[in-house]
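Below is one structure, written out as structure tokens; comments come after it.
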Ligand code: SAH
Ligand code: SF4
Ligand code: F3S
């Protein structure tokens, strides 16, 4: 028997995405699922949408409040158009569950990061039965088996290869919102990469909260580690550039460091979060590595790939962090020399072990430490950019830069370059001479200009 036809069709979808690249990936897959089910169009504003989905992140402070204030805006739209559907997905959805609908009863649907492949069914039920749904189970990454083929039209594609995290750093909510580490089978990953490459991508970034903790089943029924997977992806025809993020120091092997020397497709850039330079704090955080083991990894990486650019995440003001601990962080930054860095003030997250102890570093001290760390890492970033001036570099042209009409691309070590070019160059790797360095990007000029533009 056919379902009763809904009163009006669903034509348009708006997705608002917060958080990490895995959320970006998830949002694009939600769009794929919804397009397949309803043939709808993705729109750029909530005002135009029949379905609004917020894909949330709860990793740092005030995440929940941000979601409620965003929802407040959408409520006004729903007052005017009661048929529209509002859903909250992602990590806040997982964490807060039905509490969201208690506080914001106009939310039709709450779902976690592992259940969005069921979106069309959930939406069908909501429309037919006029109910509200909360769907926060964590099935064994079945979602990947239920998603349509990836649709993609860009130069650079992302593929989630593993989900979740088992590391349980004391400050972090991710193991609770994303669940345990689960890796996709090798053949599924290769098929998704091939599909992206066939649709025109030339660069692939493999994604996971602990991407180098990958342990998936290969076609040989054996367990493959991350390095084995990396070699297999690098061997795919048409792939020009390969990247991955985020890596955990505990999962860095010598073989993986060596891959940077052996695989020409693997770009010389690594984001390797350390969080703190103080052993005392690293132990309190349950990071599973110490300062010296982290520095050893950096040495091994630079031995195999001297030109590698490094970036990291840092937390300042973790409970109990002293001036001396913070000095140790600054010292580690000086010792390593980062091309970029992401620095955060510690904020307690619900349900984490660190939230049970007093958040005892005063706000002013957190602020001043953050400023000091930002000053140092920005100076290092500026120096790293300055060093590129005068060099000839192969740049992958990604898009037209909206503000200036220039073209924008990336160097192998992930720096942004702007240059005068032509949209036809998107997707090509072109040699550029770097002429200037700005605060966060470079300027260059094409070395081999096309005959006639
Ligand atoms: N899986 C990655 C990143 C996880 S979240 C990793 O292991 O490194 C991204 C970053 O957010 C973390 O690296 C950390 O620096 C920061 N972060 C996580 N929880 C935080 C908290 N409670 N307060 C402040 N920063 C936090
Ligand atoms: Fe969070 Fe630590 Fe897991 Fe990274 S490794 S996601 S910081 S628990
Ligand atoms: Fe945020 Fe969840 Fe990613 S908490 S950082 S969206 S895994």
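Each reported figure results from applying straightforward, stated rules to the coordinates on display, with no laboratory input. All figures in this text were calculated on a predicted structure; none of them were measured in a lab. All Cβ positions, glycine included, derive from the backbone under ideal geometry; neighbour counts span all protein chains shown.
If all Cα-Cα distances of region 244-387 are sorted into 10 Å bins from 0 onward, what percent lands in each bin, rounded to whole numbers? Going from the shortest bin to the longest, the percentages are 11, 41, 33, 13, 2. The fraction of Cα-Cα pairs per 5 angstrom bin, counted from 0 for region 363-453, comes to 3, 14, 23, 19, 13, 9, 7, 5, 4, 2, 1, 0 percent, rounded to whole percents. Note on region 100-250: Cα-Cα pairs beyond 22 Å make up 50% of the total pair count. If you take every DSSP beta bridge fully contained in the chain, what fraction is antiparallel? Give it as a percent rounded to 5. Bridges in the chain are about 35 percent antiparallel. Based on the Kirkwood approach, the hydrodynamic radius assigned to region 65-117 is 11.3 Å, with every pair of different Cα atoms included.
Largest first, the three principal axis extents of the alpha carbons in region 309-435 are 56, 31, 21 Å in whole numbers.
Relative to the compact-globule estimate of 2.2 N^0.38 Å, the Cα radius of gyration of region 93-183 comes out at 1.25.
Were the residues from residue 254 through residue 48 laid out at 0.36 nm apart, the gain over their Cα-Cα distance would be 69.0 nm.
Taking only alpha carbon atoms, region 45-95 gives an Rg to Rh ratio of 1.00, where Rh is the Kirkwood radius.
Highest mean packing comes first when the peptides 202-214, 15-27 are listed by Cβ atoms within 10 Å, giving 202-214, 15-27.
When its C-alpha radius of gyration is set against 2.2 N^0.38 Å (N residues), the chain gives a value of 1.02. Within region 176-332, DSSP assigns beta bridges of which about 25% are antiparallel (rounded to the nearest 5).
For region 289-341, the convex hull spanned by the alpha carbon atoms encloses 79 Å³ per residue. In percent, rounded to a whole number, the relative contact order of the chain is 10, using alpha-carbon pairs under 8 Å and six or more apart. A protection proxy built from the mean count of other Cβ atoms within 10 Å ranks the segments 161-170, 364-373, most packed first, as 161-170, 364-373. With the simple model of a label 7 Å out from the Cα in the direction of the Cβ, residue 372 to residue 36 spans 5.3 nm. Per-peptide packing, taken as the mean over residues of other Cβ atoms within 10 Å, places 227-236, 87-96, 123-132 in the sequence 87-96, 227-236, 123-132 from highest down. In this label model, residue 422 and residue 76 are separated by 4.6 nm, measuring between points 7 Å along each Cα→Cβ vector.
Above 18 angstrom, tally the Cα pairs of region 172-299 and express them as a % of all pairs, no decimals. Across region 172-299, Cα pairs with separations above 18 Å total 58 percent. Under the classification rounded if a/c is under 1.5, otherwise prolate if a/b is larger than b/c and oblate if not, where does region 1-139 fall, given a ≥ b ≥ c as square roots of the Cα gyration tensor eigenvalues? It is rounded, given that a/c, with a ≥ b ≥ c, falls under 1.5. Dividing the radius of gyration of the alpha carbons in region 149-230 by their Kirkwood radius gives 1.02 for Rg/Rh.
Each principal axis of the Cα atoms in region 253-331 has its own extent, and those three values, largest first, are 44, 18, 16 angstrom. Residues of region 322-360 with backbone nitrogen within less than 16 Å of a virtual label 7 Å along the Cα-to-Cβ line of residue 391, please, listed as ranges. Backbone N within reach: 337-340. Take every Cα pair under 8 Å whose residues are at least 6 apart in sequence, average their separation, divide by the length of region 228-379, and the relative contact order is 22 percent.
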